[in-house]
Amino acid sequence: MTDVSPRSNDGIDWVLECVACGETAAAAGLPTVCACGQPWLVRYPTRRPGILQRAEVRRRHGMWRFREFLPLRPFEEPVSLGEGDTPLIRLPRTGMRLGVPHLWLKDEGSNPTGSFKARGLSAAITRATAAGARQFTLPTAGNAGVAASAYAARAGARVRVFAPESTPRTILSQIVAFGGDLVLLRGHIGDCGKASRAWGQESGAFDLSTLREPYRIEGKKTLGLELALQMAWKMPDVILYPTGGGTGLIGMWKAFLELREHGWVEGELPRFYSVQSSGCAPVVRAFEAGADHCEPWADPWTVASGLRVPAALGDRLMLRALRESGGGAVAIDDAVLVEAAATVSREEGIDVSPEGGAVLAALELLVGRGTVDRGETIVVFNTGAGWLYRDPGDLQADR
Ligand SMILES: *Cc1c(COP(=O)(O)O)cnc(C)c1O
């Protein structure tokens with residue numbers, strides 16, 4: 001038996017639990033994945049945040065306002081750039097056009113570095129630097145590389161970022177601007193992952209890949225915690241989320257279960273819908289086939305670069321969350337998601353990314369099918385800012 005008594009680890013009052021085999025471990029040092037190869041999830045067996053603490057959480061700022069639910073030791077300062085507190089904005093015109101009056105958009109583009117990736121990397125780099133890591137490596141479809149570069153800089157550490165050469169130019173330039181050591185490769189994020197892992201073994205750099213360490217997902221959990229706070233602790237009926245590696249989805253699901261366990265929210269949890277591009281839709285295909293895991297997608301391509309993830313370590317967890325919530329999965333063609341992003345940007349003045357366009361197009365589809373009811377409260381996520389996908393040449397190309 002491993003000693004997992006949380007109090008023995010210098011203020012670390014959480015433990016790790018394998019999502020597949022149920023093995024548990026103490027959380028000291030630099031945890032990666034379980035010996036069985038599957039991800040760890042963080043559990044907080046001794047924490048009992050009561051609902052009186054909701055008022056205290058409300059008085060603080062940023063994603064770390066939820067420290068009762070996060071891997072932070074007492075009095076510890078996180079590596080932070082003010083991430084979180086992103087606006088939850090009503091979409092009256094889009095809602096009217098689609099026939100869903102209770103439509104809200106959570107705009108993650110207003111995070112530092114322009115996407116929700118800031119949340120996960122703030123948490124992962126906080127824990128890894130606290131454990132002594134000073135050099136990092138990660139593969140990225142784009143935005144995680146920007147966030148890793150900024151948060152590594154913030155921590156006084158270095159990061160090597162392996163990205164596909166087809167990544168939008170503006171995203172690549174942001175990685176370099178924050179001091180990331182950018183390596184461009186032909187191929188997709190899976191190919192970058194192999195190169196990143198090889199370099200990590202050679203150099204000792206710590207791997208920040210999605211679910212290869214347990215803390216990025218804890219940071220992404222704040223998407224769900226914050227949404228609950230903004231909705232006055234009442235859950236929406238439906239959440240649409242653009243899915244790549246899946247940590248946003250899994251993190252939100254974990255957040256709602258933890259909030260419910262502590263009595264901070266009551267009643268039904270929302271139905272989750274995963275949205276992908278039809279150029280890379282392994283989760284949609286597996287969901288429709290009734291499978292419990294995904295098969296890697298051959299030749300993945302989409303302009304929504306955050307969704308260009310042909311195989312994800314969190315596939316089983318994602319499928320479980322979609323099914324347990326009574327939700328589903330939808331694939332959207334690139335031309336349609338680009339058009340939806342442009343339409344809503346003009347309609348509502350929000351800088352919608354291609355990934356955000358995908359969920360808005362998916363909503364139209366689900367309303368049309370009657371899967372989403374017109375009276376329901378719906379939250380869609382614009383996971384990143386649209387400007388990251390544009391470069392000055394676009395203006396001319398449009399005319
Ligand atoms: C990474 C990313 C996604 C996919 O999120 P996951 O949590 O990896 O599924 C979606 N949109 C944008 C803008 C991203 O950067």
*Would you confirm whether any residue within the range 354-365 is among the aliphatic types (A, V, I, L, M), in contact with a Pro (Cβ under 7 Å, 6 or more places away or on another chain) and within 15 Å of the ligand (Cβ to nearest atom)?*
yes
_Contact list please: Cβ distance under 7 Å, first residue in the range 348-364 and under 20 Å from GLY375 (Cβ atoms), second residue near the ligand (Cβ under 10 Å from one of its atoms) and assigned to a helix (DSSP H, G or I), pairs at least six apart or on different chains._
none
*Only one of (1) under 25 Å from PRO112 (Cα atoms); (2) away from the ligand (no atom under 16 Å from the Cβ); (3) touching a strand residue (DSSP E or B) at 6+ places or on another chain (Cβ under 7 Å) fails for GLU348. Which number is that?*
(3)
*asked:* Scan the range 247-263 and tell me whether some residue there is in contact (Cβ under 8 Å) with a residue 12 or more places away in the chain and in contact with a His (Cβ under 7 Å, 6 or more places away or on another chain).
replied: no
*For the range 279-294, name all the residues that are farther than 21 Å from ILE239 by Cβ and in a loop (DSSP other than H, G, I, E, B).*
GLY279, GLY290, ALA291, ASP292, HIS293
*Could you tell me whether any residue of the range 307-317 is farther than 20 Å from VAL19 by Cβ, buried (at least 24 other Cβ atoms within 10 Å of the Cβ) and within 13 Å of the ligand (Cβ to nearest atom)?*
yes
_Quick test of your reading of the structure: GLY248 fulfils all but one of (1) more than 14 Å from the ligand (Cβ to nearest atom); (2) of a type outside the set (Lys, Arg); (3) assigned to a helix (DSSP H, G or I). Name the failing condition by number._
(1)
*May I ask you to verify whether ASP191 is of a type outside the set (Val, Ile, Thr), under 21 Å from the mean Cα position of the chain (by Cα) and surrounded by fewer than 22 Cβ atoms within 10 Å (Cβ to Cβ)?*
yes
*Identify, from the list ALA385, ALA340, ALA358, the residue that is surrounded by 19 or more Cβ atoms within 10 Å (Cβ to Cβ) and more than 20 Å from the chain's Cα centre (by Cα).*
ALA340
*Filter pass, TRP297 being in a loop (DSSP other than H, G, I, E, B) and within 16 Å of the ligand (Cβ to nearest atom)*: yes
_Where a residue in the range 230-246 is within 22 Å of GLU213 (Cβ to Cβ) and of a type in the set (Ser, Thr, Tyr) and its partner, wherever it lies, is outside any loop (DSSP other than H, G, I, E, B) and within 13 Å of the ligand (Cβ to nearest atom), with Cβ under 6 Å and at least six apart_ = TYR241/GLY248; TYR241/LEU249; TYR241/PHE381; THR243/LEU249; THR243/SER274; THR243/GLN276; THR243/VAL283
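Hey, does the range 103-110 have a residue that's in a strand (DSSP E or B), basic (Lys, Arg), touching a residue at least 12 places away in the same chain (Cβ under 8 Å) and under 30 Å from GLY386 (Cβ atoms)?
The initial filter retains those residues of the range 103-110 that are in a strand (DSSP E or B), namely 103-107.
The next check asks that each one be basic (Lys, Arg); those that pass are 106.
Still in the running and touching a residue at least 12 places away in the same chain (Cβ under 8 Å): 106.
From what is left, the residues that are under 30 Å from GLY386 (Cβ atoms) are 106.
Looking through the range 103-110, at least one residue is in a strand (DSSP E or B), basic (Lys, Arg), touching a residue at least 12 places away in the same chain (Cβ under 8 Å) and under 30 Å from GLY386 (Cβ atoms).
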_Suppose we filter the range 251-278 for residues that are among the acidic types (Asp, Glu) and in a helix (DSSP H, G or I); how many remain?_
2
*Go through (1) in contact (Cβ under 8 Å) with a residue 40 or more places away in the chain; (2) in contact with a Leu (Cβ under 9 Å, 6 or more places away or on another chain); (3) not in a helix (DSSP H, G or I) and name the single condition LEU337 misses.*
(3)
*Under the condition of being of a type in the set (Phe, Trp, Tyr) and over 24 Å from GLY328 (Cβ atoms), which residue from the range 209-245 is farthest from the ligand (Cβ to nearest atom)?*
TRP233
*Which of (1) surrounded by 15 or more Cβ atoms within 10 Å (Cβ to Cβ); (2) charged (D, E, K, R); (3) in contact with a Ser or Thr (Cβ under 7 Å, 6 or more places away or on another chain); (4) at pLDDT 95 or above does ASP333 not meet, given it meets every other one?*
(1)
*When ALA232 is evaluated against the numbered criteria (1) closer than 27 Å to TRP14 by Cα; (2) surrounded by fewer than 18 Cβ atoms within 10 Å (Cβ to Cβ), which criterion, by number, is the only one it fails?*
(1)
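The values are calculated or read from the model by the stated rules, or taken from the named source; none is laboratory data. Bear in mind the structure is a predicted one, so any value in this text is a computation, not a measurement. In this analysis, Cβ positions are derived from the backbone assuming ideal geometry, glycine residues included, and neighbour counts consider all displayed protein chains.
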